[in-house]
Each structure stands twice: as structure tokens, then as C-alpha cells.
Amino acid sequence: MIDAKSLVEMLESSFDGIWITDGDGKILLANSANATLLGVSKQDLEGHTTQQLLEEKVFSDSAILEAIEKKKQISKVSYNYHSQLTVLATATPILGEDGEVKHVFNNVRDITALNKLQRSLRDKEEIIRLQNKQLENMKLRLGMGTIVANSKSFREVIELAERVASFDAATVLILGESGTGKELIAELIVNHSPRKDGPYLQVNCGAIPETLIESELFGYEKGAFTGADAKGRKGLFESANGGTVFLDEIGDLPLHMQVKLLRVLQQRKVTRIGGSEEIALDVRVLAATNRNLEDMVEKGQFREDLYYRLNVVSVSIPALRERKEDILPLVNHFLTVANQKYGTNKSVFSDTIDCFESYDWPGNVRELENLLENLVITTPTDMIRRENLPKKLALSRETNGDRASARTEKTIPLRATVERAEREAIERAIQECGSVRKAASALEVDPSTVVRKMQGYNQETT
């Protein structure tokens with residue numbers, strides 16, 4: 001048997017707060033831990049009733065009183081006003097032979113730290129959710145590729161493409177340097193148009209010999225020429241009826257074919273080579289070029305009437321050097337794709353990132369994509385450093401100034417690149433919108449999220 005003195009000593013040594021009451025809630029015993037949790041002395045507890053302490057605002061809620069009322073174990077989260085702690089109290093009634101509550105054993109545990117941890121975890125989960133949402137906003141997944149749109153100029157291109165997509169009878173001319181992603185913008189328009197479930201056929205006008213391009217576009221009847229299929233053949237336009245035709249590199253189309261294409265666009269009809277029957281067309285035409293068609297019109301290299309027929313709506317894609325904000329997300333994206341493709345785990349150093357941002361990228365996004373895949377294959381270690389880059393990239397950093405000289409040379413993991421892109425996006429939004437509230441609206445997050453993140457950035461720099 002344990003004597004009363006030993007029992008009190010054992011209760012006093014408990015880490016948790018413990019107090020014992022009678023059947024009316026009067027406190028018979030309270031250990032020091034409980035007094036500490038409540039922020040009062042033991043003398044202020046013993047002899048007082050639970051109801052008195054509740055009325056005196058020592059704590060916000062009582063598990064003891066409910067346990068007495070319901071005659072069963074009750075657990076409650078309560079706030080202790082004096083100590084400013086949040087506790088979990090579990091009151092267990094001890095019943096007599098008559099079934100009435102004789103005593104209540106109350107165990108109290110501090111959960112303030114646990115609550116903070118839970119809030120921290122929720123905050124982190126919210127941050128991860130918002131980062132994922134922002135990444136998804138930056139990436140428009142298409143059938144054949146992904147568009148990374150972080151810069152304002154390229155987001156405007158995306159918005160325009162999505163807007164004109166619904167006007168499915170309008171011809172669209174997509175302009176941009178080689179490698180900027182004209183094919184992806186064309187695919188974006190198709191996927192957002194009423195014709196998305198119809199045929200979508202593409203042809204590179206500069207890749208087909210002049211002698212074959214007419215038959216490729218318009219088709220031919222049997223016996224139309226030597227070597228022709230005995231059954232004849234549909235052309236691109238006829239095969240795409242009800243859908244969309246994408247004429248890539250339209251600036252390379254020979255002049256004699258420009259006349260015939262203009263006639264098809266005007267009449268919405270096509271006649272196969274060697275045939276006489278006109279075939280009605282219901283086709284939307286998208287065209288793209290990296291050449292200056294206005295300049296070609298002035299030089300007589302491109303028909304003016306065809307130019308205006310094609311240029312009902314024009315979508316101009318900026319070069320990668322004009323949207324530097326997209327370089328870091330693109331590096332992150334292509335590095336992830338290449339790592340998944342080859343089963344590697346390559347990452348880049350900060351000075352390597354600066355080389356990417358300093359280079360002018362004459363081949364634009366396609367050049368960047370090819371380079372990242374090449375680096376994943378050829379770099380002997382998991383860390384891609386400046387010395388692994390082609391000389392033209394390494395030299396570009398020196399030419400444009402060593403902007404990374406003040407940085408610590410360390411590996412930038414994928415999470416860090418996301419955080420850096422996120423910070424740049426927030427700072428740019430605040431600068432453009434003029435206020436945190438407007439910036440938060442543009443970023444589709446709560447203003448409190450923007451404030452919290454900016455405070456975190458300021459702490460990092462102090």
C-alpha cells in the first residue's frame with residue numbers, strides 16, 4: 001500500500017498539472033505543476049471551487065464541471081488567462097457505490113507548443129499549396145509540351161491567345177523568333193477553341209519541296225501526275241475539315257503558292273490537282289513565321305493581300321532575352337524534365353544561374369531546353385557548375401558584369417529556385433500594382449500571405 005504522504009509526493013513530481021476535487025468541484029489537492037500552468041499559487045487553488053475559478057476568469061472552460069454533470073470522463077481545451085497557456089484538461093469522475101460523483105481526478109497538459117507546431121505545419125502546408133498553385137499558373141500543360149509563363153509580357157501573350165481562341169473563324173498570325181514557342185501557342189489556341197475536338201494538322205511550309213507543296217496542301221486526283229497515288233489523295237486542308245490547319249513558317253511559302261492559298265482562304269473552297277470539283281472547307285487557319293512579313297511585302301517577297309488575309313489577329317511572342325523573368329522557371333522546368341528522363345539528380349550553382357540570365361539566347365527557349373538536356377548528360381557530377389557551360393554562356397556573364405560576385409557559391413535546389421521565383425513575382429507585383437492589396441489580388445493570394453512572405457524576405461536580408 002502507498003501511504004498518503006508518498007502519494008502526494010508522487011503527484012507533486014508529475015510533469016502534468018494534477019488536481020483532485022470532491023463531487024461538488026471543490027479543490028482538495030493541486031500539485032505545483034498545475035499551479036504553474038494556471039499562473040497562480042497552490043494556496044489560491046486548494047479550498048476553492050472550480051466554479052469560483054471559472055467565474056474569476058482563471059481559465060476559460062472547465063472539464064471538471066461537465067464531468068460531474070455527465071458522470072463520465074471529459075476532455076476540453078482551455079485557455080489559462082494568467083499564464084496565457086493553452087492546456088488540455090481531462091477530468092475523470094470517481095463514482096461512489098450510490099452512483100454519485102465522489103471525487104474528480106483532473107489531468108492538465110500544456111499544449112501551447114503543440115498548437116504552435118500545428119499552426120506552423122498548417123502555414124507550411126498553405127505555403128506549399130500556394131506555391132503549387134503558382135507553379136501551375138506558370139505552367140500551361142498542353143498535349144505536346146508545357147508553356148512556362150512567369151513574365152508579364154508572356155502572360156499577356158497567353159491571355160491574348162486564350163481570348164482569340166474562342167473566335168474560331170478568325171485567322172491568327174503568330175509572330176516570333178525561332179525557338180520562342182510558336183507551335184505551343186498554336187496548340188494553346190486549338191485546345192481553347194470550339195474546334196479542340198476536331199482535326200489539327202500542321203505543316204512546315206519551308207520543309208516541303210516546291211514541287212510537292214501544292215499537292216500536300218490541296219491534294220490530287222488519281223493520275224494527276226507521274227507517281228501519283230492511283231486512288232488520289234486528300235490534301236492538308238481537306239483532311240482538316242471541321243478542325244484547324246497550322247501553317248508554320250508561312251514566310252517560306254513560294255509566291256505562286258501564295259496566290260493559291262489566298263484563293264482558298266477567300267473562297268473557303270479547295271480544288272485538288274487534276275480535279276475540277278470544288279470542295280467546301282470549314283477550317284480555321286493558324287499561321288506562324290519568324291520572318292518580318294511587312295518587310296517582305298515591301299520587297300515584293302510576300303503578297304500584301306495574303307498578309308492582310310492572314311493577319312486578322314496577330315500574336316507576337318517576345319524573345320527570351322526580353323522576358324528574363326522566365327529563364328529561372330524554365331531552367332527549373334527543363335532540368336526537372338531531363339532528370340526524370342535520364343534518371344539523374346542534377347542541380348545548378350548560383351553562378352551558373354547568372355550565366356543563364358546574362359546570355360542573350362538567340363535560339364530562345366528551344367536553345368535553353370537543348371542546353372539543359374545536354375548538361376544533364378555531359379556533366380560528370382550531380383552539380384552543374386560554370387565550367388560545365390559552353391564558353392559563350394560563361395563569357396556572357398563576364399561581358400554583362402559579374403552579378404553573382406556577392407553571392408555565396410552553393411547549390412540551388414529546386415525548392416530554392418521556386419522560392420526565388422516566388423519572391424521576384426511578389427516584388428514585381430507590388431511594384432506594378434502599387435499596393436499589397438492589389439498585388440495580392442493579382443497573385444490570387446490573401447494580402448496577409450504577401451505581408452508574411454515579405455516579412456520573411458526582410459528577415460533574411462537583415
Item to complete: Quick one: count up the residues across region 247-304 that are outside any helix (DSSP H, G or I), touching a helix residue (DSSP H, G or I) at 6+ places or on another chain (Cβ under 9 Å) and among the basic types (K, R).
Response: 5
Discussion item. Six or more apart or on different chains, Cβ atoms under 8 Å: show the pairs whose first residue is in region 371-391 and closer than 17 Å to Y359 by Cα and whose second is surrounded by 13 or more Cβ atoms within 10 Å (Cβ to Cβ) and among the basic types (K, R).
Written reply: L375/K346; I384/K346; R386/R397
Discussion item. Step by step: first the residues of region 156-184, then only those that are under 24 Å from L261 (Cα atoms) and of a type in the set (D, E, K, R), then the one that is surrounded by the most Cβ atoms within 10 Å (Cβ to Cβ). Which residue is that?
Written reply: K182
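Considering T399, T417, which residue is among the β-branched types (V, I, T), modelled with pLDDT under 70 and over 13 Å from S350 (Cα atoms)? First the steps, then the outcome.
Working: T417 fails: over 13 Å from S350 (Cα atoms).
From the options T399, T417, the qualifying one is T399.
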Practice prompt. Say whether the condition of being surrounded by fewer than 13 Cβ atoms within 10 Å (Cβ to Cβ) and either touching a Phe, Trp or Tyr at 6+ places or on another chain (Cβ under 9 Å) or over 22 Å from A170 (Cβ atoms) (or both) is met by at least one residue in region 235-244.
Written response: no
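Which of the following residues is buried (at least 20 other Cβ atoms within 10 Å of the Cβ) and either closer than 21 Å to L160 by Cβ or under 30 Å from the mean Cα position of the chain (by Cα) (or both): L253, L306, L261, L293? Lay out the reasoning, then the answer.
Values: L253 fails: either closer than 21 Å to L160 by Cβ or under 30 Å from the mean Cα position of the chain (by Cα) (or both); L306 fails: either closer than 21 Å to L160 by Cβ or under 30 Å from the mean Cα position of the chain (by Cα) (or both); L261 fails: either closer than 21 Å to L160 by Cβ or under 30 Å from the mean Cα position of the chain (by Cα) (or both).
From the options L253, L306, L261, L293, the qualifying one is L293.
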Response to the item:
Result of the Cβ filter at 6 Å on region 284-305, keeping first residues that are closer than 25 Å to E187 by Cα and partners that are of a type in the set (S, T, Y), at least 6 apart or interchain, is R284/T244; V285/T171; N290/S178; L293/Y307
Item to complete: Give region 26-45 a look and list any residue that's over 56 Å from the mean Cα position of the chain (by Cα) and in contact (Cβ under 8 Å) with a residue 40 or more places away in the chain, or say none.
Response: L28
Practice prompt. For region 166-204, enumerate the residues that are out of contact with any helix residue (DSSP H, G or I) (no Cβ under 8 Å at 6 or more places or on another chain), small (G, A, S) and within 16 Å of V148 (Cα to Cα).
Written response: A186
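Across region 186-221, what is the total count of residues that are among the acidic types (D, E) and surrounded by fewer than 15 Cβ atoms within 10 Å (Cβ to Cβ)? Working first, answer last.
Going through region 186-221, the residues among the acidic types (D, E) turn out to be 187, 197, 210, 214, 216, 221.
Add one more test, that the residue is surrounded by fewer than 15 Cβ atoms within 10 Å (Cβ to Cβ), and what stays is 197, 210.
Adding up the residues that qualify gives 2.
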Worksheet entry | Per-region count, region 420-448, residues at pLDDT below 75 and either among the hydroxyl-bearing types (S, T, Y) or outside the structural domain of S350 (by TED's automatic domain parsing) (or both) | 2
Worksheet entry | Residue list for region 345-362, filter: in contact (Cβ under 8 Å) with a residue 60 or more places away in the chain and farther than 17 Å from E325 by Cα | S347, V348, F349
Worksheet entry | Count - residues of region 77-95 that are modelled with pLDDT under 90, touching a strand residue (DSSP E or B) at 6+ places or on another chain (Cβ under 8 Å) and either farther than 15 Å from D16 by Cβ or not assigned by TED's automatic domain parsing to the domain that holds A30 (or both) | 2
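The values are calculated or read from the model by the stated rules, or taken from the named source; none is laboratory data. None of the values given here were measured: they were computed from a predicted structure. Cβ sites come from the backbone with ideal geometry, for glycine too, and all protein chains shown count toward neighbours.
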